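S.K.: Just passing along the structure, written as structure tokens.
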Amino acid sequence: MSIPKFDPSELEVVGEELNILGGDPIPVYNFPVSKKEAGLALYRKEPIWHLIPGIGVESLTFMPKVNPDNIARAFVMDGTFNPETSNKSGGLDMFGIDWEYVPEAMGSMVRPGKPFIEDANEIKDKVVWPDIDAWDWEGSAKINEAYLNTDKLVYCMFFNGWYERLISFMDFEGAVVAMIDDDQQDAVKAFFDQLSDLYCRILEKYFTYYPQIDIMCMHDDWGAQKDTFFSPDTAEEMIVPYMKRCTDFIRSKGKFSDLHSCGQNFKQVPNIIKAGWDSWCPQAMNDTEKIYELYGDQLLIGVLPEKYDIKTTSEAEQRAYAKAHAEKFCNPEKPCSLSSYAFFDNDILTKAYREELYKQSRIQYAK
């Protein structure tokens, strides 16, 4: 693909999008290609400008109501979305596990203390698998025709991956023990194997009824603030083979895959690569620069910008920070994305920083 050279006319602001965190609206520039084309170009390793997949102005987030998990987790984003009533209820997920909405967290969780099962060997007898053919896929597709009629990258989020699903059944303590307990590991593997079968069937439905999807983001948190929940060896044995089945399936359909995994997971990056993910955006407790340096040729990394004090940093200095970031990370031979967590920091992505970062990234990627 030939990357168009930067033209100063691109800096014309042709629209604005609401900043969900408050503050100034987010500018939409006079882009040389559509937002969808730019997002796909990034995943094809032919980036046009430095963007944030999933949450930036280039992307449309999609979490259809037809999947009970999205209702249970209080994260529906589709053509049925109503800001007054959506995402405030929680409820039963696809396995019948009850999630409770917590207003302070603006999300939901399974109430701890009364796990559905206490030993992974109970899964085969107690877990009732969902009948996904009974979900109203055709109705959902019709409702979402207008929502998905967009020039943006369609970024579909899929909650409750392998370890997260185990937690929903067993609580955290039970799940983490089951991952390393010789008496439970075979049962966990059998469950994850069947879970991958189910997820591939659901993904098939997604790609059939919502062919507009470009990126499939699947959630599976692996870490806390200071360290990963389990060793890399455990992850490689217990989770990676089952994840790989889904990423292979996603790739076979001509789509790209993104892993959402919270926590300090530096040790797990080789496993993220082995599992076949195209991209991962580490949280701020990770050294995203180091991860990019070590693994950016194998995985599209969301890199955090350098922090600065907005109160003492002039506009010219903000532009200098943006230019330095672009020169360091916008390498056409080793592209990365801008971290989605930067989106939540209005003290970094000022109007001046955004404009300069766009300009300088265009210049770097068009070299």
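S.K.: Assess whether residue 167 counts as being aliphatic (A, V, I, L, M) and within 26 Å of residue 77 (Cα to Cα).
M.R.: On the way: aliphatic (A, V, I, L, M): yes; within 26 Å of residue 77 (Cα to Cα): yes.
Yes, satisfied.
S.K.: Being open to solvent by 80 Å² or more (accessible area, probe 1.4 Å) and of a type in the set (Phe, Trp, Tyr) is the filter here; which residues of segment 316-346 pass it?
M.R.: Correct list: 344 only.
S.K.: Sticking with this one: Would you mind listing the helices (runs of 4 or more DSSP H) fully within segment 181-300 where at least 2 residues are touching a strand residue (DSSP E or B) at 6+ places or on another chain (Cβ under 6 Å)?
M.R.: Helices (runs of 4 or more DSSP H) meeting the threshold: 240-252, 288-295.
S.K.: So, one more: Can you confirm whether segment 306-315 contains a residue that is at pLDDT below 95 and buried (at least 16 other Cβ atoms within 10 Å of the Cβ)?
M.R.: yes
S.K.: Kindly provide the set of residues from segment 77-99 that are open to solvent by 80 Å² or more (accessible area, probe 1.4 Å) and under 26 Å from residue 198 (Cβ atoms), ordered by number.
M.R.: 81, 92, 98
S.K.: Could I ask something else about it? Residue 23: over 22 Å from residue 258 (Cβ atoms) and not hydrophobic (A, V, I, L, M, F, W, C), yes or no? Show your work before the answer.
M.R.: Working: over 22 Å from residue 258 (Cβ atoms): yes; not hydrophobic (A, V, I, L, M, F, W, C): yes.
Spelling it out, residue 23 is indeed over 22 Å from residue 258 (Cβ atoms) and not hydrophobic (A, V, I, L, M, F, W, C).
S.K.: Look at segment 43-88 and say how many of its residues are without any contact (Cβ under 8 Å) to a residue 24 or more places away in the chain, of a type in the set (S, T, N, Q) and in contact with a Ser or Thr (Cβ under 8 Å, 6 or more places away or on another chain).
M.R.: Count: 1.
S.K.: Part of a loop (DSSP other than H, G, I, E, B), touching a residue at least 60 places away in the same chain (Cβ under 8 Å), at positive phi and not β-branched (Val, Ile, Thr): is that true of residue 23 in this structure? Don't jump to the end; show me each part of the working.
M.R.: Working: part of a loop (DSSP other than H, G, I, E, B): yes; touching a residue at least 60 places away in the same chain (Cβ under 8 Å): yes; at positive phi: yes; not β-branched (Val, Ile, Thr): yes.
So residue 23 passes the test.
S.K.: Tell me which of these residue 71 doesn't satisfy, since it passes every other one: (1) open to solvent by 50 Å² or more (accessible area, probe 1.4 Å); (2) closer than 27 Å to residue 199 by Cα; (3) assigned to a loop (DSSP other than H, G, I, E, B).
M.R.: Checking residue 71 against (1) open to solvent by 50 Å² or more (accessible area, probe 1.4 Å); (2) closer than 27 Å to residue 199 by Cα; (3) assigned to a loop (DSSP other than H, G, I, E, B), the one that fails is (3).
Quick grid of which residues meet (1) touching a Leu at 6+ places or on another chain (Cβ under 7 Å); (2) without any contact (Cβ under 8 Å) to a residue 24 or more places away in the chain; (3) over 30 Å from residue 287 (Cβ atoms):
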{"position": "198", "(1), (2), (3)": "no, no, yes"}
{"position": "201", "(1), (2), (3)": "no, no, yes"}
{"position": "212", "(1), (2), (3)": "yes, no, yes"}
{"position": "219", "(1), (2), (3)": "no, no, no"}
{"position": "222", "(1), (2), (3)": "no, no, no"}
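S.K.: Sort out which residues of segment 156-179 are open to solvent by less than 10 Å² (accessible area, probe 1.4 Å) and either among the charged types (D, E, K, R) or at pLDDT below 95 (or both), and write them in order of number.
M.R.: Residue satisfying the conditions is 165 alone.
S.K.: Here are some residues: 152, 142, 124. Which one is open to solvent by 20 Å² or more (accessible area, probe 1.4 Å), in contact with a Lys or Arg (Cβ under 9 Å, 6 or more places away or on another chain) and basic (Lys, Arg)?
M.R.: Values: 142 fails: in contact with a Lys or Arg (Cβ under 9 Å, 6 or more places away or on another chain); 124 fails: in contact with a Lys or Arg (Cβ under 9 Å, 6 or more places away or on another chain).
The conditions single out 152.
S.K.: Still on this structure, please answer the following. When residue 357 is evaluated against the numbered criteria (1) touching a residue at least 40 places away in the same chain (Cβ under 8 Å); (2) surrounded by fewer than 21 Cβ atoms within 10 Å (Cβ to Cβ), which criterion, by number, is the only one it fails?
M.R.: Looking at each condition in turn, residue 357 falls short on (2).
The values are calculated or read from the model by the stated rules, or taken from the named source; none is laboratory data. Every value quoted in this text rests on a predicted model; they were computed, and no experiment measured them. Every residue, glycine among them, receives a Cβ derived from its backbone with ideal geometry; neighbour counts consider all protein chains shown. These accessible areas exclude ligands, DNA and RNA; they are computed on the full protein's heavy atoms, side chains included. Shrake-Rupley method; radii C 1.70, N 1.55, O 1.52, S 1.80 Å.
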